[in-house]
Amino acid sequence: MRVLHIVTAYPRSAGDPIVPWLVELIAHLRSRGIDSEVFTSAYRGGGNDSYNGVPIVRFRYFPARWERLTHEENAADRTGRSPIYALAALCYVVCGALAIRRLIRRRRYDVVHVHWPVPHAVFGWVARHSRNHPALVTTYYGAELRVAARSRILTALLRLGARISAVNVAISRHTAADLARVTERPVEIIPYSAAVALAPRAEGARLERPFTLLFVGRLVARKGVHVLLRALQRPELAAARLEIVGDGPERESLTMQAAREGLSSRVSFAGRVSDEELRAAYARADAFVLPAVEDARGDTEGLGVVLLEAMSYRVPVVASRSGGIEDVVVDGTTGFLVPAGDAEALAAAIARLGSDPELRSRLGEAGRERLESEFAWDRIAERWVRVYERAVTEARS
């Protein structure tokens, strides 16, 4: 079976951190005989034509100097900051539709798998109505649903994508509930997992040192790092230190907040790090924190894959009851969930872990077990194989 994945961006070289979970999924699908290819946008005039043995078709859509709508950051964020990128977005849709039309005429695919149907439902429609009539499958991640909610045109695009897809898939119950407000079509829930092997816990990682918290992720408002910094001011966390791994537009303001609140000596901003450095950060962490909130646009965590990464290292987690996080964290069993934006509750949950090493160990082990049972890549890939088979059967009937 041949599957074409339509995505906004895909790794440009070895070590590129873009969509690592999708790279992992495709690798597992290929091991099960699914011949996968990727259709995505060019970056600054070009880009690689394969990655880890997977063919990549990249389409041009704008002059190379400004062909940066994708890959570096969320396309919706970039579009909102400049009229040039708003124009680039329009060109992206038109040029992508023409490019997918040419591609589908040249190559036969059994399934076209659309990721992020805003705006890729257009590409899916073009592919579905080609002479080869491949089956269409669409995955919804959540962010595109909240972007579409602000526009009747984009909402109509979502409805179109759901209507023409043989199978619609959401990554979490939260995303499925959002999609149900747009369409009455049935929705299947298939999460993705961490793009790391089940990681061994480093021997001797627990040394005599301060209680260490870890945050990993893009520094944007919806991650809620500003809430975590407020929690660190609480007296019960006076001895704790925080490592922040990742970069983004909020880094400067967060650095200023840490300095203003007297936390600079206890908070480190590592920026982007190598895979080896990230593994070391997980190994020395006593707890992982994802204090996600809903941002000004209503966006929040679709799933929280970094929580799964932490679980792979048996690190207990504390996170917000926000978005798809509740699909990952079982409160009191694999970690703790607190109300989004509540710095006091966040501090209390972290302090509870800090005062009880046995509890940390128990939650960490339970998290690893949940990852292996509910979020193992083998299980996820098998579910996708069945989805593709069902989509092909329906398309031919």
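The values are calculated or read from the model by the stated rules, or taken from the named source; none is laboratory data. All of these numbers come straight from a predicted model, not from anything done at the bench. Positions of Cβ are generated from backbone atoms using ideal geometry, with glycine treated the same way; all protein chains shown enter the neighbour counts.
Restricting to strands (runs of 3 or more DSSP E) lying wholly in region 261-375: which have 2 or more residues that are surrounded by fewer than 18 Cβ atoms within 10 Å (Cβ to Cβ) and assigned by TED's automatic domain parsing to the domain that holds residue 219?
267-271
Hey, could you check region 1-42 for residues that are among the charged types (D, E, K, R) and not in a helix (DSSP H, G or I) and say which is surrounded by the fewest Cβ atoms within 10 Å (Cβ to Cβ)?
32
Is at least one residue of region 43-59 surrounded by 16 or more Cβ atoms within 10 Å (Cβ to Cβ) and closer than 22 Å to residue 302 by Cβ?
no
Taking residue 381 as the residue in question, decide whether it is of a type in the set (A, V, I, L, M, F, W, C), touching a His at 6+ places or on another chain (Cβ under 6 Å) and assigned to a helix (DSSP H, G or I).
yes
Tally the residues that are over 24 Å from residue 122 (Cβ atoms) and within 23 Å of the chain's Cα centre (by Cα), restricting the search to region 32-80.
The total comes to 6.
Only one residue in 34, 18, 100 is in contact (Cβ under 8 Å) with a residue 40 or more places away in the chain, out of contact with any strand residue (DSSP E or B) (no Cβ under 8 Å at 6 or more places or on another chain) and β-branched (Val, Ile, Thr), so which one is that?
18
Assuming residue 130 fulfils every condition listed in (1) surrounded by fewer than 24 Cβ atoms within 10 Å (Cβ to Cβ); (2) touching a strand residue (DSSP E or B) at 6+ places or on another chain (Cβ under 7 Å) apart from one, which condition is it?
The single condition residue 130 does not satisfy is (2).
Name the single residue, out of those in region 113-157 being in a helix (DSSP H, G or I), of a type outside the set (Gly, Ala, Ser) and touching a residue at least 60 places away in the same chain (Cβ under 8 Å), that is farthest from residue 98 (Cα to Cα).
Among residues in region 113-157 that are in a helix (DSSP H, G or I), of a type outside the set (Gly, Ala, Ser) and touching a residue at least 60 places away in the same chain (Cβ under 8 Å), the one farthest from residue 98 (Cα to Cα) is 146.
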